[in-house]
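Heads up: the structure comes next, in structure tokens.
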2 protein chains.
Amino acid sequence: MSLPALTDRQRALLDHLASFVAKRGYAPSLQEIAHAFGFSSLQGVKDHLKALERKGYVRRRPGQRRAITLMGQPRPFATGVPILGRVPAGTPQLALEQYDERLTLDTATLGPGRHFALQVKGDSMIHAGIHDGDYVLVRQQDTAEPGAIVVALLGEDATVKYLRRRGRQVRLEAANPAYQPIPLHGHVPAPRILGRVVGLYRTFR
Amino acid sequence: MSLPALTDRQRALLDHLASFVAKRGYAPSLQEIAHAFGFSSLQGVKDHLKALERKGYVRRRPGQRRAITLMGQPRPFATGVPILGRVPAGTPQLALEQYDERLTLDTATLGPGRHFALQVKGDSMIHAGIHDGDYVLVRQQDTAEPGAIVVALLGEDATVKYLRRRGRQVRLEAANPAYQPIPLHGHVPAPRILGRVVGLYRTFR
DNA sequence: TGACTTACTGTATATAAATACAGTACCCTC
DNA sequence: GAGGGTACTGTATTTATATACAGTAAGTCA
């Protein structure tokens, strides 16, 4: 990993920074750090931060309050992805407000764009390794390239399917021969693509 | 238990907060938010924050700078789970220090204990929906109940297997009939259980 | 021995940023 | 048509917090 080694004290301060940020969602002030370590002066904190910055572990914005960014490998931050319980019928827009829970995931692994999670029901994608009860992570978009796994709204139900091109026709196909493919155009009700599946999350027991 | 609905403007501000924190590791100041939205005054920001706080999406510390904590359900505590690239041979202890990357997950979904992630190689658990290249989330423990999916060290390789009891014998079984079961006791080399699989993570493309 | 780094105390000053108060305008809905 | 919520502008004041300068003490290097 290659960053310069830290002294015990510097390591302790860095750990404190990380846990403070994880807990509060913002960086501590110099006085808060000093208080946590029992320092009666701020200069000690400044010295340590200067060392951490010189060694590449943190980055600061001069003059700004609490402006400490943790660098390095451990991705300091994560976003809460809303988990859609049920997709409401007939809504022109996806009601992302209507969620029960959130899944905390890394912003780096997610990539750009708006995301949501959806619990898979049924075994239509079991041959693609997507099981009943799994959560799929979906990047919100209304089109996708053939070959992608998408979440599509079919009437009232959101389903996970492959988007495949067969000659001139683009259609939604299950990864299970027991299910009939659905053409994207000319089907009633008309399928609407909600997004592309970019990840999968499952818990055991 | 969903939180009260937000107006478009409030949602936009909350999204801005989340992305700012994700990027910088600390919360924005009121003037930074005002600047980002093109406000010439701070009162608009204050009003929005007040609304977000009243609805339970954020929490602030009066008087303190940048002291905005995003509540919105997600991580009171997000942890970085180390991803083990390869399990080194012959080491008595698991060298958790020796990782390349980390996966950020929330502690609420993980549960207590030490965890690590491991990238699955091979198709021995394909019928359990665990595919080649998937990451399994493992809670570190040296025993497990029969029926659990475990990560075991077999010589130099870490393998993912079911732990099953057959009569008097406890053994490791693949979810693929092409693989032979391995008895937990009396096998050479002796299998060592590294932990129980508690989750699975996969990315597409 | 002296120069250098780490690890702080103590006091003082400057300022980034929160707070406060007074408005304007546009919805709603009762 | 009065009252409440949302969505701001504009100016002034206060303060939490960063910065600066001057030290002390111990350990390491050479």
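Structure summary
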| item | result |
| --- | --- |
| Considering residues of the stretch A:43-59 that are farther than 14 Å from A:Pro4 by Cβ and open to solvent by 70 Å² or more (accessible area, probe 1.4 Å) only, the residue farthest from DNA strand C (Cβ to nearest atom) | A:Arg59 |
| Conditions (1) within 11 Å of DNA strand D (Cβ to nearest atom); (2) surrounded by 13 or more Cβ atoms within 10 Å (Cβ to Cβ); (3) at pLDDT below 90; number of the one not met by B:Pro74 | (1) |
| Among (1) under 30 Å from A:Ala5 (Cβ atoms); (2) modelled with pLDDT of 85 or more; (3) open to solvent by 50 Å² or more (accessible area, probe 1.4 Å) - the single one A:Ile126 does not satisfy | (1) |
| Flag if A:Arg54 is modelled with pLDDT of 80 or more and within 12 Å of DNA strand D (Cβ to nearest atom) | no |
| Among residues of the stretch A:18-36, those that are within 14 Å of DNA strand C (Cβ to nearest atom) and either touching a strand residue (DSSP E or B) at 6+ places or on another chain (Cβ under 7 Å) or at pLDDT below 90 (or both), counted | 5 |
| Those residues of the stretch B:140-192 which are charged (D, E, K, R) and open to solvent by less than 50 Å² (accessible area, probe 1.4 Å), in sequence order | B:Lys161, B:Glu173 |
| Which listed residue, of A:Thr91, A:Thr109, A:Thr69, A:Thr79, is under 27 Å from B:Arg65 (Cα atoms) and at pLDDT below 85 | A:Thr79 |
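The values are calculated or read from the model by the stated rules, or taken from the named source; none is laboratory data. This one's a predicted model, so the numbers in the text were calculated from it and none came from an experiment. With ideal geometry, Cβ positions are generated from the backbone for all residues, glycine too; neighbour counts draw on all protein chains shown. Calculation scope for accessible area: heavy atoms of the full protein, side chains included, ligands and nucleic acids excluded. Shrake-Rupley method; radii C 1.70, N 1.55, O 1.52, S 1.80 Å.
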